[in-house]
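Right, one structure below, let's go through it.
The values are calculated or read from the model by the stated rules, or taken from the named source; none is laboratory data. Note that the structure is predicted; figures quoted are calculated from it, not measured. Every residue, glycine as well, gets a Cβ built from its backbone with ideal geometry; the counts of neighbours run over all protein chains shown.
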Amino acid sequence: MTKDYIIEQFKELSYSTKGFEGWLSITAPDAVFDRLKRLDREPLTKVQLNQLLLLSLESGISDGFYKYYWLANPTHSYAVDKLEDYEDGHLTSSAIGSIQQLRWGIRRIYTDCLLYFGNISYGFNELKSQSYDELCAFFKSKCLPSELIKLRGRPLEFHEISKDDRYLISEMACKSYGETPKTKTELFDFLQESFKEAKANGYANLSFKDLLSVHDDKATVYNAKSREKYSKNLSMFEFSVDELLDASIVDEADLEIKYGKIADKFLNARANAVRNTDLYLSLVNDLDVYVATSMRNRKDFREMADTCEKIFKDERLRDMYLRYFDPTMSAADGHEDKGLIECLMVKCAKALIYTEGEKESYGKDAEAAMALSLGKPVIFLSPKRANFYRTVHPLTRLIDFNSGVAVGAIIADKPEQVAELLHRVFENKMEYAIEQSKPGYFKLKEKLTHSVVRLQTNNELLSKCFWAYYHNRT
């Protein structure tokens, strides 16, 4: 075993600097390499490891730290045995007996430091003097209580709403139908006035689509005056009568009957959605996952309902009875209350799922940003723009406001991936890999999707300013 060989083995985990991140780099003292050359024949004890660290201008570690990171695999918040270099034999040895075992422990230290401290040197200094029991207690506190979650059983049943009717609980539909949709609303006024105007202009065989002019740019306008009068609400009206667009209108009585039927559906769907919101509030303290989305048409509501089913009825999640907020099943008395309710649920949920739409939405972006800033696991479901969110979108890299740790969203492109990720999160089985893209620039990647969930910059001025002042600001 040569010096060059040892440097090569640790090139992903070290670079030319002082301290813990540089003690295995090309600038390390020769004494370090002279000792490690004999590692296969002479296991490295904690005392000797401390000597090598001190010779490299890094302070030593406790007995408990040595045992925790190189000789044990206690309860942890991720799958330690899935890190590269793990072997069962590491757990039966009494000292570090190979380059692989030494590397495995260093990967663990880097992973923990990036996850919970945001900086390897800072995290190492916080952990290196702790006892084995203190380390076990600290990292157990970072775990989700998987067994307790499974023992909770089922919550109260939610009030069912047909997938085809769920679009009627949207704010646009509520504004269209109002509190008393069967008597008088702007939507009904528009339809009635438009029908009369079109007939007066000599048009017959009209449909709801004709009244709303849901055609191409060259379409005939049957009701110019009515459309101008209600121009600000036309897109909202179109959304609210989506299922009637192709229905023909025989006369005013027929218009009122067909409108009345969908108004009844609206009343029933909205009543159940409001009751469901009460149920969500009743279990907010046990809420596991918040689903953030934006839905602009009936198709969006159907697809979102299907997506929630695919994820949360997945076999891997079945025995956990996860409490999740389904946005297609909830409504509030007003948009102000809706905002307060959703902020509370984001704060209380243990994880958040962000689903892409045809267009960006401030609401779901804000919810994802809140969750990331609280340090929660955030999963983006993006079948079409996964690479954009993974490598470009700035929202997917934020800072945990409590700790200052740089956090990143996990970008998935299929509901099945989301289900697997939730399984790993709630079973404390997340899998990570360390990457050093530039000297001193470390990224912690989630293995399934290769998403960057933590990072450490190599910009010394930025790092110095950040950690010197972040915790001093209120």
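Taking region 1-27 on its own, how many of its residues are in a loop (DSSP other than H, G, I, E, B) and within 21 Å of L444 (Cα to Cα)? Steps first, please.
At the first step, the residues of region 1-27 found to be in a loop (DSSP other than H, G, I, E, B) are 1-2, 10-27.
Narrowing further to those that are within 21 Å of L444 (Cα to Cα): 10-17, 19-25.
Adding up the residues that qualify gives 15.
How many of the residues making up region 397-415 are of a type in the set (S, T, N, Q) and touching a residue at least 40 places away in the same chain (Cβ under 8 Å)? Outline the logic, then answer.
Our first condition is that a residue be of a type in the set (S, T, N, Q); within region 397-415, this holds for 402-403.
Imposing the further condition that a residue be touching a residue at least 40 places away in the same chain (Cβ under 8 Å) reduces the set to 403.
Final tally of qualifying residues: 1.
Looking only at region 415-432, filter to residues that are of a type in the set (A, V, I, L, M, F, W, C) and out of contact with any Ser or Thr (no Cβ under 9 Å at 6 or more places or on another chain); which one of those is farthest from H76 (Cα to Cα)? Lay out the reasoning, then the answer.
Step one: of region 415-432, the residues of a type in the set (A, V, I, L, M, F, W, C) are 418-419, 421-422, 425-426, 430.
Adding the requirement that they be out of contact with any Ser or Thr (no Cβ under 9 Å at 6 or more places or on another chain) leaves 419, 422, 425.
Working: A419: 21, L422: 16, V425: 12 Å.
Among residues in region 415-432 that are of a type in the set (A, V, I, L, M, F, W, C) and out of contact with any Ser or Thr (no Cβ under 9 Å at 6 or more places or on another chain), the one farthest from H76 (Cα to Cα) is A419.
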Residues in region 272-303 that are under 29 Å from S207 (Cβ atoms) and either in contact with a strand residue (DSSP E or B) (Cβ under 6 Å, 6 or more places away or on another chain) or in the same structural domain as C343 (by TED's automatic domain parsing) (or both) total 10
Among the residues of region 39-64, count how many are touching a residue at least 24 places away in the same chain (Cβ under 8 Å), assigned to a loop (DSSP other than H, G, I, E, B) and out of contact with any Lys or Arg (no Cβ under 9 Å at 6 or more places or on another chain).
4
Looking only at residues that are surrounded by 14 or more Cβ atoms within 10 Å (Cβ to Cβ) and polar (S, T, N, Q) in region 375-405, which one is farthest from Y110 (Cα to Cα)?
S382
The residue that is surrounded by the most Cβ atoms within 10 Å (Cβ to Cβ), considering only those in region 158-180 that are at pLDDT below 90 and assigned to a loop (DSSP other than H, G, I, E, B), is S170
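If you scan region 335-359, which residues turn out to be outside any helix (DSSP H, G or I) and in contact (Cβ under 8 Å) with a residue 40 or more places away in the chain? Reasoning before the result, please.
Taking region 335-359 and keeping what is outside any helix (DSSP H, G or I), we get 349-359.
Of everything in region 335-359, those that are outside any helix (DSSP H, G or I) and in contact (Cβ under 8 Å) with a residue 40 or more places away in the chain turn out to be A349, K350, A351, L352, I353, Y354, T355, G357, E358, K359.
Select from region 204-241 the residues that are of a type outside the set (V, I, T), part of a loop (DSSP other than H, G, I, E, B) and surrounded by 15 or more Cβ atoms within 10 Å (Cβ to Cβ) and write down the one among them that is modelled with the lowest pLDDT. Full working, then the answer.
The first filter runs over region 204-241 and keeps only residues of a type outside the set (V, I, T), leaving 204-213, 215-219, 222-240.
Subsequent filtering for residues that are part of a loop (DSSP other than H, G, I, E, B) retains 204-205, 213, 215-219, 222-223, 230.
Now restrict to residues that are surrounded by 15 or more Cβ atoms within 10 Å (Cβ to Cβ): 213, 222-223, 230.
On the way: S213: 77, Y222: 85, N223: 88, Y230: 88.
Here the residue is S213.
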Against the conditions (1) touching a helix residue (DSSP H, G or I) at 6+ places or on another chain (Cβ under 9 Å); (2) surrounded by 14 or more Cβ atoms within 10 Å (Cβ to Cβ), where does G22 fall short? Just the number, please.
(1)
Checklist (1) under 21 Å from Q48 (Cα atoms); (2) out of contact with any strand residue (DSSP E or B) (no Cβ under 7 Å at 6 or more places or on another chain); (3) surrounded by 16 or more Cβ atoms within 10 Å (Cβ to Cβ) applied to G123, failing item:
(1)
